[in-house]
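Read the structure below first, then the notes.
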Amino acid sequence: MLLWELFAITGVVFLILEILVPTVFFLNFAVAGFLTALLSLAITDIVTLIFAFVVFSLLSILLIRPLVLK
């Protein structure tokens with residue numbers, strides 16, 4: 001399995017969790033998963049991609065969540 005597929009599947013799983021659980025929390029991880037999947041097309045180091053997923057998750061929690069909750 002390629003890394004972009006792994007992170008795309010992660011994004012889809014978090015998107016399904018967002019549909020099942022009526023909070024906005026899992027949407028942030030879904031966005032981070034899809035952004036990391038795009039980044040993994042250029043970067044192949046798994047440690048860097050996991051770090052990018054964490055950074056994207058934190059940024060989306062800080063930036064997207066307040067906008068969606070309004």
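Here are a few things to note about the model shown:
- In the stretch 30-48, residue nearest to residue 16 (Cα to Cα) [restricted to those that are hydroxyl-bearing (Ser, Thr, Tyr) and crowded, with 18+ Cβ neighbours inside 10 Å]: 36
- Condition check for residue 6: open to solvent by 90 Å² or more (accessible area, probe 1.4 Å) and out of contact with any strand residue (DSSP E or B) (no Cβ under 8 Å at 6 or more places or on another chain): no
- Residue tally, condition part of a loop (DSSP other than H, G, I, E, B) and farther than 14 Å from residue 65 by Cβ, over the stretch 11-29: 2
- Some residue of the stretch 38-48 being assigned to a helix (DSSP H, G or I) and of a type in the set (Gly, Ala, Ser): no
The values are calculated or read from the model by the stated rules, or taken from the named source; none is laboratory data. Not measured: the values here are computed from a predicted model. All Cβ positions, even for glycine, are placed from backbone atoms using ideal geometry, and neighbour counts span all protein chains on display. With ligands, DNA and RNA removed, areas are computed over all heavy atoms of the protein, side chains included. Shrake-Rupley method; radii C 1.70, N 1.55, O 1.52, S 1.80 Å.
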